[in-house]
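Participant: Right, I'll just put the structure down here and ask away after.
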Amino acid sequence: MKRKIGLLLGLLLAASAATATEELRIYTEQYPPYNMTTNGQPFAHSTKEISGLCTDILKALLANTNLKYSTKLRELSYGLNRAGQHPNHAIYCVSKTPEREPSFEWVGPLASIKWTLFAKPGSSIELKNLEEARQYRIGGYNGDIMTNYLADEGFNVLAISKNGLNARRLVEDQISLWVADGLAGPYLAADAADVTNLKRVLVFRETPMFLAINNETDPEVIQALKEGYRKLVESGEKEAISQAYGF
């Protein structure tokens, strides 16, 4: 009997160790300058193919741990779905919303986004507050927190799956405004639609972005990530990376 109990305990310990060392699969989206592929492609299959502000912060965070991990860049909705449904899966940089919060453990913030309404270059649109934007058609991005917020508040939001193409919709007068992050919007416009000099009309909110880890992930993995982030902040490395991007 003692031998059987000892064998059972050994198997349980081995299973626990296997879980703790299982590869952490991390997803992100094409959202420059926070996360972006190094070759301009819309997808990336490995960590070395992904760069950006949040990516550099995440890599530095993970360097403070002994975790095995892989990173892929996909559309936001795909990454959220995978990370939300599977243990040892995570996604960055994402906002913490009431709908998302119960499904994840949160590490960060890694950076923050400024909710901004852009107009086309040379536009005469001026806004004193968000309410004045109700008269306009606003371009957005499927699954995006800013887009969802405006839609829920009854604004006339027309969302698409390729966020950067909203800049082209602006100059072609298909929409009058585009809701995007104040730092990412100009990058996306230039990269996806060859549009520069967008007019920043209104900044109406700021939201932190995090690494979100499936809440059924091994607690040791989650604790290692939180400790890695603490070291990153205390060392000043997080601030140095952010400053390098003009953040």
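Participant: If I model a spin label as a point 7 Å beyond the Cα along the Cα-Cβ vector, how far apart are those points for Ser123 and Gln174 in nm?
Facilitator: My value for the distance between the label points is 1.5 nm.
Participant: Follow-up. Could you compute how much accessible surface Ile138 exposes when probed at 1.4 Å, giving the result in Å² to the nearest 10?
Facilitator: Accessible area, nearest 10 Å²: 0 Å².
Participant: May I ask you to give the percent of accessible area on segment 113-227 that is carbon plus sulfur, with a probe radius of 1.4 Å?
Facilitator: Ligands and nucleic acids excluded, carbon and sulfur give 44 percent.
Participant: Right, another one. Can you compute the FRET efficiency between Glu101 and Leu130 using 1/(1 + (r/R0)^6), with r the Cβ-Cβ distance and R0 = 41 Å? Round to the nearest 0.05. Intermediate values should be presented prior to the final figure.
Facilitator: On the way: r = 24 Å, r/R0 = 0.59.
With R0 = 41 Å, the Cβ-Cβ based efficiency is 0.95.
Participant: Next up: Please tell me which of these pairs span more than 28 angstrom C-alpha to C-alpha: Lys162/Lys226; Lys199/Lys231; Lys128/Lys226; Lys72/Lys114?
Facilitator: Going by Cα-Cα distance, Lys162/Lys226; Lys199/Lys231; Lys128/Lys226 fall outside the 28 Å limit.
Participant: Quick one: accessible area per residue over segment 136-247, 1.4 Å probe, rounded to a whole number of Å²? Don't skip to the answer; put the middle values down first.
Facilitator: Numbers: 5310 Å² over 112 residues.
Solvent-accessible surface per residue comes out at 47 Å².
Participant: Related question: At a probe radius of 1.4 Å, what is the per-residue accessible area of Leu158, in Å² to the nearest 10?
Facilitator: Rounded to the nearest 10, the figure is 60 Å².
Participant: Got a number for the accessible area of Phe155? Probe 1.4 Å, square angstrom, nearest 10.
Facilitator: 20
Participant: Rounded to the nearest 0.05, what FRET efficiency is calculated for Ala63 and Asp191 with R0 set to 22 Å and r the Cβ-Cβ distance?
Facilitator: Between Ala63 and Asp191 the formula returns 0.20.
Participant: Based on the Cβ-Cβ distance from Asn156 to Lys48, what FRET efficiency comes out when R0 is 41 Å, to the nearest 0.05?
Facilitator: Efficiency at R0 = 41 Å is approximately 0.50.
Participant: Keeping every protein chain in place, order Phe118, Phe210 by accessible area at 1.4 Å, biggest value first, i.e. largest first.
Facilitator: From most exposed to least exposed: Phe210, Phe118.
Participant: Can you sort Asp173, Asp56, Asp181 by 1.4 Å-probe accessible area, starting with the largest?
Facilitator: The ordering from most to least exposed comes out as Asp173, Asp56, Asp181.
The values are calculated or read from the model by the stated rules, or taken from the named source; none is laboratory data. Quick caveat: nothing in here was measured; it's all calculated off a predicted structure. Don't worry about glycine lacking a Cβ; one is built from the backbone with ideal geometry, like all the others, and counts go over all protein chains shown. These area figures cover heavy atoms from the full protein model, side chains too; ligands, DNA and RNA do not enter into them. Shrake-Rupley method; radii C 1.70, N 1.55, O 1.52, S 1.80 Å.
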